[in-house]
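Single-structure report; data block below.
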Amino acid sequence: MGTLHNTLTVAFWCLVACTIVGAGPFSWMKKDSFDEIMDRMTAVTAENCRSKPRSELELPREAVSHVPVYNKLLSNVYFANRSMLLHMHNLAHQRAFYYSFIYQRMNTSFDFEHQPGLMYLYMSAAADVSASPGWINGSSLLFDNNCVYPNWYTTVDFNTTLPLFGPRAWRADDYNEPTNWLREPTNRTIDVEDYAAGRVTNYTAESYKYAPYTRYEYDPTDSRQEKPLFWWPDNKGYKDSLRKYTYSVGIKFSNQTGKFIREDYEGIPFFGPPQPGQSDKDITLPVLFTKPYFDCGRSNRWITTMTAPVVEYMPRYSTYIHLRRPRFVAVVGIDGEFERIDINQCPISEGNDPPNTFAGTHRCRSTTMCEPISGYGFRRGGYQCVCLPGYYYPWWHDGPFQGWEIEQATQEEYEYGFDCLKSEEMRVVPIQTPEFVSRGKRSTDYLANKKDEFMYVVNPAVRDMSANPKLRLIANRKRRNAEGEEINVAAAYQQKFVSRYAEETKHVRKKREAFEEEYWHRMQDIRQRFYNISKESCKFSEAYELYLPGDAGYGVEQQFEAQGRTALRLAHFLSNFLQNIDEYEQFGNLKGDRRLNETHIFGEVLAIVMGDFKVLGAGAYFDRYKFRVSPPVNTTDPRYSNAITREYFGPYSWRIQNPGDGLDAFRAIDSAGLEKPYTDELWFRRMKQRWATNFHALKKYIDKPMIRSSPNSTSSIRFEHYPITYRAPSYEDGEWSRPEFRCDGRIDNWVATYSVPFFGLNSLKSQIEFKGIVTIDVELRYLDINQCPADFYVANAFKNTAKCDFRSQYCVPLPGKGFEQGAYKCECRQGYEYPFKDLSWFFHGQTMEEEYAKKLNGEPHRYDTLRCRIAGASSVVANIALIMFTSILLLLKKW
C-alpha cells in the first residue's frame, strides 16, 4: 500500500511540474514590437517620471504611422482611423495662422493694448481642448526667449519682453473633484498653466525633457549646426525664403449698417507658416509631428503633438525697419493621446507605408490577408483577416475573421479555426468582349415542342399551374368547409392585396432583394442636379434647384465632425470670454483683458478657412446690439455707449479656389455691410428661436488657470477667479443644414453648413443670453455617399442602390471616394465564393455600376455574371465509411 501511495504521489507531482513548465494554451504568441512598446509605457508612471531620463520618456517616432503630411493631403486618402491626427494637424495649422495674422496686423503701438491679453490666450487654449473631447488632449502656445510683449502687466514697461511665456491647457481627470458628486469623469474640466512658471521653466534648454518640440536642437545630420530639428533656434535665418511664406487676405470693413467703408478689398499681407511644394519635406512643412512622449507632471499620459510656427517681425517696435525680419516667435502645439491613435498591425504594403513599428504583428493565417479596422486605438486586434484570392470562408463562419478573436484564441483554436478553404475551377475574366450572334437552334426548339405536347397529354392542368412551388403542389387539391361547400385552396393561399390609397399599386418584394429601382432613379436625379448646377448656371436656376434633399447629406455629422468641432471651438471661446471677462477688473499689477476687437474675430474666421482645405467658408455672426468693442480708453462714461456698440457685426471669410497652381486666395467681409441683414435669414432665425430662452441643455465647463506670481517669477499661483466656469453648447447642439449651392458670388459651390450658437452675459451681468452663431461651410464633394442597404428609418437618399447580388453577396461601403457613385464593394456571403481568377476577392462597385449601365443601354455586358457562386468541396473524394454505412442501410431496408 505504501509503495502505491508513493508512486501516485510522484506521478502527481510530475504532472504538476509538466503543467507548469510545459507549453500553455497561449504560449504560441511570441513577444513582438507591440509588447516592447507596452513594456516601455508601463515602466513610466506619474510617480517616477521625474527621475527617468529623456530616452525612457519618449517612444520611437515609428510608433505612429500614416501621419498626415500637408502637401499630401489632396493626393492621399486618410481614413477614419486617422481622423484624430488630421484634426490635430488642421487645428495646429489654423492657430498658427491666427497668431501670425493677429500679431502682424496689430503690430503698432496704438494697437498694443488691443492685442490678445492673458485670459484671451488662456481661454483660446482651453477652447481647443473643451470642444474636442476624445480628439484633442492638450493645446499650447509656447513663446521663444524674449519674444512676448505682455500687455497685461502695469509694472512692465512698453516694448519690454518677458524671458519666456507658454500657456498650455490639457484635459484634467475630474473624477475626484469636490463638485463632481457622481465621481464620473466629465471631460469638461481643463487645467491651464504657464510653462515658464514653476519648477522647470526653461523649455528651450537642450536638457528639457517634457516637450521635444521646444528645445534648441539641431538636426543630427547637419554638421554645420544650422538646420534646427523643429522650429527653434531661428536666429540664423536657415532657409528663410522657404520657411516664411507671404500670404495676403482681402477684407471689406463696415462701420455702419448696410454699407461698407470701401467697395474694394483692403489687402493685408502677412508672413505665415511655410507653403511647401509637392516634394518638400522635413522642416519646410507647415506642421511637424513629434514622437510620442510622456507628459510628466501635467496630464501624466503618453501623448503626441502636432506643431506649427507663429511668425512675427522681430524686434516688434523698432525705428530701424531694415533690421527687422520675420521670425518664428512661438510654436503652437496640439496634443493627442497616444493610446487613442489606431495602430496598423498589417504588413508593409500600399496604404501602410514604412516606417511602422507595429507592421507585421498581426496573426492572420497563410490563407488570409490583413485589413486594418478603425476605432481600436493602442491595443491588439484592430484588424480583420479576409480570404486571399482563390479562397473562401468555411461554411461555419460568416465573414472575415476578427483580429480580437484571433488574439484571444488558444493554439488549437488558432491552428484549426481561422483558415480559408481553397476554391477550384476558377473562371477567367474575358479580355475581349464577346460578339453575340443570334441564330435559331432547331433541335432545341423541336425538343421543347415535343415536351409541351407530352405534358399536355399527361396532365392537361399543367397549363394553369402557378410558378410558385407551394401553389403548384396544391393546385388541384380541393377542400370543403363546415357547410360542405368546396374551397379553392390555391386562391385561398394567395394574400389579397388591399390598397391603402388610390394610387398605390401591388409590389411584391422578393426575399433578400435590396436594390430599389425607385431609389436608384432618385439618386440619378440628385447627382444630375449636383453636376448641372455651376457658378454660371446658378444665377438662372430656380430657388429650389439650389438645394438637395436633406437625406442627400447622410453621414455629414460623422464625416465632417472635425470641421464642425472647429466651429464649436470658436463658439466655446466666445462663450467663455463673454461670460467671464470684465475689462474694468484689475488684480494688483495684473490688468483685465480688453473687450473683443474686430480684428480678433476677423482673424479667427480667416484662420478657420486657411487651416483646412475642406472648409470653403466660416463666419461669426453677432445678434443685434450684442457686439461691444473696447473704447479708446478705459472709461465707464455713457457717452461712449453708442460708439462701442455695433448694431450688426458678422465677419465672414471664404476661400477662392484656384485649381491652376493650387494657391487659393482668401477674402473676408463684415456682413453688416450687406443690404439684407443676416438676422433675417432663416438659418439665423431658427437657431435664435431655439436658444433665445432655453439654456438648460448647455453643458457646464470648468477652467482652472494657474498664472505666474509676478512678471519675472518662477512660481505659479491661482488666478483671482479660480476656477472659471461657463456654459457652452456641445457638438450635438449644433445643426447641419441640407446641402445647398451657395450662389452668392463668393463660394459658388455645393456646401454643407454647420451652425452652433454662443452665449454671454447680459448687460446687467445677471444671467447668460444668446449672443450669436458660428457657421462653417464644408465642400460637399468630400462627402462619401453610402449606397448599401439600410433600414427603412435611415434617412439616406442613396441607400438600397448598390448593384450587388444580395442572394450571394453583401455590400461594404468604401471611404475616400467622395460624392461619387460606385463607392462600395460586393463581398461573398457565407457559403459562397468568388468565382474569377483575377487576384481579387470582391466585386468593385464601380464595375457593377458600369456593367449595369451597359445592360440598361442594351450593350454587351457582364452584369449577370458578377455574382458569387455556391462554395463546394475542393475535390471529389470517396468516403469509405459513408459508402459502407449507406450500403448497410439499404440492406436493412430490403430485409
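The values are calculated or read from the model by the stated rules, or taken from the named source; none is laboratory data. Worth saying up front: this structure is predicted, and the values here are computed from it rather than measured. When we count neighbours, we look across all protein chains shown, and the Cβ atoms used for this are built from the backbone with ideal geometry, even at glycine.
Computed quantities for the displayed model
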read-out: Residues of segment 341-366 satisfying the condition of being buried (at least 16 other Cβ atoms within 10 Å of the Cβ) and hydroxyl-bearing (S, T, Y); value: T357, T361
read-out: Residue list for segment 379-397, filter: not in a strand (DSSP E or B) and not small (G, A, S); value: R379, R380, L388, P389, Y393, P394, W395, W396, H397
read-out: Condition met for E339 (part of a strand (DSSP E or B), of a type in the set (D, E, K, R) and modelled with pLDDT of 90 or more); value: no
read-out: Tally, over segment 262-279, of residues that are in contact (Cβ under 8 Å) with a residue 40 or more places away in the chain and closer than 24 Å to F101 by Cα; value: 9
read-out: Within segment 292-316, tally of residues that are touching an Asp or Glu at 6+ places or on another chain (Cβ under 9 Å) and in a loop (DSSP other than H, G, I, E, B); value: 6
read-out: So K699, is it in contact (Cβ under 8 Å) with a residue 40 or more places away in the chain, in the same structural domain as E561 (by TED's automatic domain parsing) and over 30 Å from I251 (Cβ atoms); value: yes
read-out: Residue tally, condition charged (D, E, K, R) and over 14 Å from G399 (Cβ atoms), over segment 830-847; value: 2
read-out: Subset tally (residues that are buried (at least 22 other Cβ atoms within 10 Å of the Cβ) and within 22 Å of H89 (Cα to Cα)) for segment 139-190; value: 13
read-out: Any strands (runs of 3 or more DSSP E) falling wholly within segment 758-848 and containing at least 3 residues that are in the same structural domain as G734 (by TED's automatic domain parsing); value: 768-779
read-out: Of residues in segment 591-613 being assigned to a loop (DSSP other than H, G, I, E, B) and crowded, with 20+ Cβ neighbours inside 10 Å, the one nearest to the chain's Cα centre (by Cα); value: D612
read-out: Scan of segment 321-345 for residues that are within 22 Å of E407 (Cβ to Cβ) and among the aromatic types (F, W, Y), ordered by number; value: F338
read-out: Candidate set: segment 308-326, residues that are within 24 Å of A211 (Cβ to Cβ) and not β-branched (V, I, T); chosen: the one modelled with the lowest pLDDT; value: M314
read-out: Out of E740, E675, E769, sole residue that is surrounded by fewer than 21 Cβ atoms within 10 Å (Cβ to Cβ) and under 21 Å from F573 (Cα atoms); value: E769
read-out: Residues that are surrounded by fewer than 15 Cβ atoms within 10 Å (Cβ to Cβ) and either assigned to a loop (DSSP other than H, G, I, E, B) or touching a residue at least 12 places away in the same chain (Cβ under 8 Å) (or both), drawn from segment 30-53; value: K30, K31, A43, T45, A46, E47, N48, R50, P53
read-out: Residue selected from segment 656-693 under the condition assigned to a loop (DSSP other than H, G, I, E, B) and of a type in the set (A, V, I, L, M, F, W, C), by the criterion modelled with the lowest pLDDT; value: L663
read-out: Selected residue (criterion: farthest from R746 (Cα to Cα)) from residues of segment 527-554 that are outside any loop (DSSP other than H, G, I, E, B) and hydrophobic (A, V, I, L, M, F, W, C); value: A552
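Here is a yes/no grid of residues against (1) touching a residue at least 60 places away in the same chain (Cβ under 8 Å); (2) of a type in the set (K, R); (3) in the same structural domain as T108 (by TED's automatic domain parsing):
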{"position": "D295", "(1), (2), (3)": "yes, no, yes"}
{"position": "S299", "(1), (2), (3)": "yes, no, yes"}
{"position": "P315", "(1), (2), (3)": "no, no, yes"}
{"position": "T319", "(1), (2), (3)": "no, no, yes"}
{"position": "R327", "(1), (2), (3)": "yes, yes, yes"}
{"position": "C346", "(1), (2), (3)": "no, no, no"}
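Conditions (1) under 28 Å from the mean Cα position of the chain (by Cα); (2) at pLDDT 90 or above; (3) surrounded by fewer than 24 Cβ atoms within 10 Å (Cβ to Cβ), marked per residue:
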residue: L568; (1), (2), (3): yes, yes, no
residue: L574; (1), (2), (3): yes, yes, no
residue: A618; (1), (2), (3): yes, yes, no
residue: Y621; (1), (2), (3): yes, yes, no
residue: K626; (1), (2), (3): no, yes, yes
residue: T635; (1), (2), (3): no, no, yes
residue: A643; (1), (2), (3): no, no, yes
residue: E647; (1), (2), (3): no, yes, yes
